[in-house]
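Structure below; questions to follow.
The values are calculated or read from the model by the stated rules, or taken from the named source; none is laboratory data. Given the structure is predicted, the values throughout are model-derived calculations rather than measurements. Because the Cβ atoms are built from the backbone with ideal geometry, glycine has one as well, and the counts that use them run over all protein chains shown.
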2 protein chains.
Amino acid sequence: MSSVEGDREVMRHSASHVLAEAVRELFPDARFGIGPAIEDGFYYDFELPRSLTPDDLPGIEAIMRRIVASGSPFTRREVSREEARSLFAAQPYKLELIDDLQDTTISVYTQGGFTDLCRGPHVASSRDIGSFKLTRIAGAYWRGDESRPMLQRVYGVAFPTETELKEHLEKLEEAARRDHRRLGKELDLFSIHDEIGPGLVCWHANGGLVRELIEDFWKAEHRRRGYGIVYTPHIGRLEQWKQSGHWEFYRENLYSPMEIDGQQYLLKPMNCLGHILIFKNRLRSYRELPVRMAELGTVYRYERGGVLYGLTRVRGFTQDDAHIFCRPDQIQSEVVGVIQLAQFMMRTFGFAKYKMVLATRPDHYAGTPEVWDQATKALMAALDTVGLSYEEDPGGGAFYGPKIDVKLADALGRDWQGPTIQVDFNLPQRFNVCYIGEDGSEHLVTMIHRTVLGSMERFFACLVENCGGAFPVWLSPIQARVIPIADRHVDHATKIEETLRQADVRVDIDVRSERMGSKIRDAQMAKIPFMLVVGDKEVASEGASVRLRSGEDLGLQSIADIERQIRSAADSRV
Amino acid sequence: MSSVEGDREVMRHSASHVLAEAVRELFPDARFGIGPAIEDGFYYDFELPRSLTPDDLPGIEAIMRRIVASGSPFTRREVSREEARSLFAAQPYKLELIDDLQDTTISVYTQGGFTDLCRGPHVASSRDIGSFKLTRIAGAYWRGDESRPMLQRVYGVAFPTETELKEHLEKLEEAARRDHRRLGKELDLFSIHDEIGPGLVCWHANGGLVRELIEDFWKAEHRRRGYGIVYTPHIGRLEQWKQSGHWEFYRENLYSPMEIDGQQYLLKPMNCLGHILIFKNRLRSYRELPVRMAELGTVYRYERGGVLYGLTRVRGFTQDDAHIFCRPDQIQSEVVGVIQLAQFMMRTFGFAKYKMVLATRPDHYAGTPEVWDQATKALMAALDTVGLSYEEDPGGGAFYGPKIDVKLADALGRDWQGPTIQVDFNLPQRFNVCYIGEDGSEHLVTMIHRTVLGSMERFFACLVENCGGAFPVWLSPIQARVIPIADRHVDHATKIEETLRQADVRVDIDVRSERMGSKIRDAQMAKIPFMLVVGDKEVASEGASVRLRSGEDLGLQSIADIERQIRSAADSRV
């Protein structure tokens, strides 16, 4: 961490103490949880006699500002465990933290009359805290444990200058406008229902169409690059997940088994094992390798209720998965091929900026260190071949092999988890996945697990937020809407609609007896790329006036020109 | 049943007794199960001191022929329960049957020295048994119960004349050649693995491609007809399946629930409930109805291990499902639309013959008789509108509404379960699925459940058997194979391959150093529609000699002509 970032973190941490001091002033009986600095800001968890509402935040902020202006010094004091216990005798959460502390000396920090259990460091004076704002209130289980009490968490952001704070708040507002959960509702894209269960997504017709267009493109591109596309079942005997090591290493993400005819079955958490069985279904010669097997496979993994979030943290998701079965001498060129495919996909979907992260051996792993080294070196060599720089994430690999993670930057500069490429020596060994070598005897294949979009759910969320719901023309559920101004224009408008539909444009028509302004506003809200307005002039000239969702007015055009324009926008995929 | 069919059934039943008599001659200690007539023939279940093999069948048949030629009379005798128990004292299965008989008089039939517990009737003399043949041996649990002993079942076919028997055996041979399980292996289409579990299908790249082409066609056609295509999760809270009535009425086909965060979840057996939630996600006006919502939804249902069969009886399958939410006055026109879509699909996939069956109100039903009448009349009126005659299946409807079932006839004249159209008054009521009527108040919608292919698995099996694996050009995984005769022809052959690939033909090339005859034989085995042979003559004229998989030789042609021909065959979908 740079020292600038370190300074900001200290300042944000101090702001959280000031927040706690302000809350105590309003609620003298408040019980305090923890209050760390986080990215861009801070939070503090409280147990309070009543629920806070957003209306409480300005009042709390006002007290904080007074404390900041007062220039209270932050002072550190080391105390014994006994002294700490007596200082926080009325604070059960603090007492629990004290009991869990391994340190022999315990430190507390005081500003104004407020003392908190804290390792520090902090700013010297409350005046050193920059510009801040409280942003929201959320529920948070004590220590993230759903069996413990639910506390109230107050979030804030803090920056050294007012300008930076303002910029950040504007970015937050823009992010809220682009929030895929909000746009998902506004554009009728998807929904999540308690009746089915949290983290389980229903894709509506609009969202489903965009997904299908992405999947069609994905499938065609994979076929072109020599992948075969398969389908495997969503359940399978538990036995295979024991053999693979998932039952041992990945149990907390697996659902409980079902029993069928006295056998235990598991909802699949990944697609690997079906692909291995297809590969092993017949003898494979070294000449057929690599075998590239892809699947848009829906998998189910347990995530705690508290971390579920829109389409980005879910319990069921469709991976754009593939496994490459290859000889060890093919690893590097295959990984290069995957990186190039991933780059092509990211470019097509409008993600120009991304960074590569190489995640290496974790503490808990399968296989030998030698084999891990070999795989890690192959990944590095592939990255070098493509000429990409990368960060390292030591210990961040999966239990069965090292991986390359790609983080996409969206239009607001936020990171999204993108493609993943993993080398696996574990499964081929556990399942004896072999090919017949040139020497006529059996050799273990190497498996490469990879996704280039990640999951349809998360990628779709990322896409929605990146374009703010204004999908590029090729992905827009409705590409053009014909808007007749009055009833006498409906005939001509319908003819235009029919002509464009014949030309495979996704088009609809708004024949409601509403004012034109309101029809245009609705089309704008639905983020339809082309609005084709039809009035007397347009009927006379057998054309339509074209308005883009950007607000740009392209004037009266012939139907042929309009069709060409829509087609060309769609074909260019921008 | 016609009396001709009745006579055949009696004759086939008698043949099963003769089979049992013959088996007893070979195995005096044989224990006998049951031996009924079935379609085209008969079987008998035995417990024997050793396993039979197909080699045993000619010997058994020879004894049967001797018995038939001997003209043994079949004589009936009525006996008391005690007498029956003493007659079959050494036959535990017969004793169990006797104990379960409700009748006060029990009948036995004797021919030659062989007496069997039997209600009859039988032929007068064994000479009245026509031409027969034993066809196969299979395992069968006593009374179909997997916890009871496995018996050996010997199957035979029997017809009044030798000619009919011969015709039937030829049809069986043809059916065996077309068996989708056999072709599934030969053409590398799919596999089922014990490691995953019985009845759970892995689609390989070839089968997956055909499935995808079918699905793409299906999706485009549905969009054209105003359907929105959605995706819903494969698991959901059990609670909703209790509310729907499935937990009560359909329990034996459901898998055991899983527990997630203290809630029970079920693998979905159908897609209805997700669609209802999407429909109810916002207010619906009478003006938006009908809402047509389709999904290629994979569902999981329990089937006993003994009835699982290839792709036709499975435990997980993808329905080409849709639900139409409409006003009662729209039922008829919507059903007409579904029938027309189904006809279009069946025609496209080469099923010219089918019959419609209208299944009406069962004894136990939901809703009022008036509403049932209305729905049944709407289905009849829809069939009349389309001008289709239909059979009635009185009382064959589901408890929640009447339905139309379509049975497809394949190239061998066998029936396959095809499209289904069901009107449902139950779910809208249970889930309060409403629209806002013209009067501004809430009204229950009517739901139409429908599939037009049934399931991808069964439809694919039907398609494979109907075309004997020789998929029409538009569905062939490989449409053309270029076959260079010698190494010096490979360059020109590769150019042809490249040209066709650019024209979106699915093409490959056979560059192995094999003889041309063997390359053609392999292409023929893979049922590739177009073989493009390239030798000196073809290189000189910059063309290829075209051979069809039918064996027809179309002679030397230009690449442009070949491309046109393949495209036109694909576009015509024949």
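For region B:473-505, give me each residue that is within 17 Å of B:LEU556 (Cα to Cα) and under 38 Å from the mean Cα position of the chain (by Cα).
Residues satisfying the conditions are B:ALA480, B:ARG481, B:VAL482, B:ILE483, B:GLU497, B:LEU500.
Quick check on region B:205-221. Is at least one of its residues assigned by TED's automatic domain parsing to the domain that holds B:GLN343, touching a Cys at 6+ places or on another chain (Cβ under 8 Å) and not in a loop (DSSP other than H, G, I, E, B)?
no
Sort out which residues of region B:49-95 are of a type in the set (Val, Ile, Thr) and either under 17 Å from B:ILE34 (Cα atoms) or in contact with a Lys or Arg (Cβ under 7 Å, 6 or more places away or on another chain) (or both), and write them in order of number. Break it down into steps so the answer makes sense when it comes.
From region B:49-95, those of a type in the set (Val, Ile, Thr) are B:53, B:60, B:63, B:67-68, B:75, B:79; that's our starting set.
Correct list: B:VAL68 only.
Closer than 13 Å to B:GLN479 by Cβ and modelled with pLDDT of 95 or more, is that true of B:LYS537?
The answer is no for B:LYS537.
I've got another one for you. Can you tell me how many residues within region B:524-558 are hydrophobic (A, V, I, L, M, F, W, C) and touching a strand residue (DSSP E or B) at 6+ places or on another chain (Cβ under 6 Å)?
First pass over region B:524-558, keeping only residues hydrophobic (A, V, I, L, M, F, W, C): B:525-526, B:528, B:530-534, B:539-540, B:544, B:546, B:548, B:554, B:556.
With touching a strand residue (DSSP E or B) at 6+ places or on another chain (Cβ under 6 Å) added as a condition, the list becomes B:528, B:530-534, B:544, B:546, B:554, B:556.
The qualifying residues number 10.
So in region A:172-192, with the set limited to residues that are surrounded by 18 or more Cβ atoms within 10 Å (Cβ to Cβ) and of a type in the set (A, V, I, L, M), which one is farthest from the other protein chains (Cβ to nearest Cβ)?
A:LEU183
More than 9 Å from chain A (Cβ to nearest Cβ) and at pLDDT below 95 - does that describe any residue in region B:289-300?
No, that holds for no residue.
Listed here are the residues, each with its yes/no results for (1) surrounded by 22 or more Cβ atoms within 10 Å (Cβ to Cβ); (2) at the interface with another protein chain (Cβ under 9 Å from one of its Cβ atoms); (3) in contact (Cβ under 8 Å) with a residue 24 or more places away in the chain; (4) aromatic (Phe, Trp, Tyr).
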| position | (1), (2), (3), (4) |
| --- | --- |
| A:THR161 | no, no, yes, no |
| A:LEU165 | no, no, yes, no |
| A:ASP194 | no, yes, no, no |
| A:TRP203 | yes, yes, no, yes |
| A:GLY207 | yes, yes, yes, no |
| A:ALA220 | no, no, no, no |
| A:GLY236 | yes, yes, yes, no |
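Which one of these is modelled with pLDDT of 95 or more, within 26 Å of B:LEU308 (Cβ to Cβ) and not basic (Lys, Arg): B:GLY228, B:GLY208?
Just a single option satisfies the conditions, and that option is B:GLY208.
Now for a different question. If a residue has to be within 7 Å of another protein chain (Cβ to nearest Cβ) and on the phi > 0 side of the Ramachandran plot to count, how many in region B:222-234 make the cut?
Residues in region B:222-234 being within 7 Å of another protein chain (Cβ to nearest Cβ) and on the phi > 0 side of the Ramachandran plot: 0 in total.
Further question on the same structure: If I ask for residues that are under 17 Å from B:LYS519 (Cβ atoms), in contact with a helix residue (DSSP H, G or I) (Cβ under 8 Å, 6 or more places away or on another chain) and of a type in the set (Val, Ile, Thr), which ones from region B:467-482 would you list?
Listed by number, the list holds a single entry, B:VAL482.
Also, I was wondering about something else. Looking at region B:242-252, is at least one residue touching an Asp or Glu at 6+ places or on another chain (Cβ under 9 Å) and within 8 Å of chain A (Cβ to nearest Cβ)?
The answer is no, given that none of the residues of region B:242-252 is touching an Asp or Glu at 6+ places or on another chain (Cβ under 9 Å) and within 8 Å of chain A (Cβ to nearest Cβ).
So which residues in region B:134-166 are in contact with a Phe, Trp or Tyr (Cβ under 6 Å, 6 or more places away or on another chain) and under 17 Å from B:MET11 (Cβ atoms)?
Those that are in contact with a Phe, Trp or Tyr (Cβ under 6 Å, 6 or more places away or on another chain) and under 17 Å from B:MET11 (Cβ atoms): B:THR135, B:TYR155, B:GLY156, B:ALA158, B:LEU165.
For region B:253-277, enumerate the residues that are buried (at least 22 other Cβ atoms within 10 Å of the Cβ), in contact with a helix residue (DSSP H, G or I) (Cβ under 8 Å, 6 or more places away or on another chain) and at the interface with chain A (Cβ under 7 Å from one of its Cβ atoms).
B:TYR265
May I pose another question? Which condition breaks for B:ASP373 when tested against (1) without any contact (Cβ under 8 Å) to a residue 40 or more places away in the chain; (2) closer than 28 Å to B:PHE351 by Cβ; (3) of a type in the set (Asp, Glu)?
Going through (1) without any contact (Cβ under 8 Å) to a residue 40 or more places away in the chain; (2) closer than 28 Å to B:PHE351 by Cβ; (3) of a type in the set (Asp, Glu) one by one, B:ASP373 breaks only (2).
Looking only at region B:70-91, count how many residues are assigned to a loop (DSSP other than H, G, I, E, B), of a type in the set (A, V, I, L, M, F, W, C) and farther than 21 Å from B:ILE129 by Cβ.
Number satisfying all stated conditions: 3.
Per-residue answers, yes or no, for (1) free of Cβ contacts under 8 Å to residues at least 40 places away in the same chain; (2) within 30 Å of A:GLU465 (Cα to Cα); (3) out of contact with any helix residue (DSSP H, G or I) (no Cβ under 9 Å at 6 or more places or on another chain):
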site: A:PRO484; (1), (2), (3): no, no, no
site: A:THR494; (1), (2), (3): yes, no, yes
site: A:VAL507; (1), (2), (3): yes, yes, no
site: A:ARG512; (1), (2), (3): yes, no, no
site: A:SER518; (1), (2), (3): yes, yes, yes
site: A:LEU532; (1), (2), (3): no, yes, no
site: A:GLU538; (1), (2), (3): no, no, no
site: A:ALA544; (1), (2), (3): no, no, no
site: A:ARG549; (1), (2), (3): no, yes, no
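Inside region A:312-330, can you point out the residues that are within 14 Å of chain B (Cβ to nearest Cβ), β-branched (Val, Ile, Thr) and under 13 Å from the mean Cα position of the chain (by Cα)?
Across region A:312-330, the qualifying residue is only A:VAL314.
Still on this model: Report, ordered by the first and then the second residue, all pairs with beta carbons closer than 9 Å, sequence separation of six or more or different chains, a first member in region A:288-311 that is assigned to a loop (DSSP other than H, G, I, E, B), and a second member that is among the acidic types (Asp, Glu) and crowded, with 22+ Cβ neighbours inside 10 Å.
A:PRO290/A:GLU334; A:GLY310/A:GLU457; A:LEU311/A:GLU457
Of the conditions (1) modelled with pLDDT under 95; (2) under 22 Å from A:TRP241 (Cβ atoms); (3) of a type outside the set (A, V, I, L, M, F, W, C), A:THR368 satisfies every one except a single condition; which number is it?
Result: A:THR368 fails condition (2) only.
Name the single residue, out of those in region B:371-401 being crowded, with 17+ Cβ neighbours inside 10 Å and small (Gly, Ala, Ser), that is modelled with the lowest pLDDT.
B:ALA398
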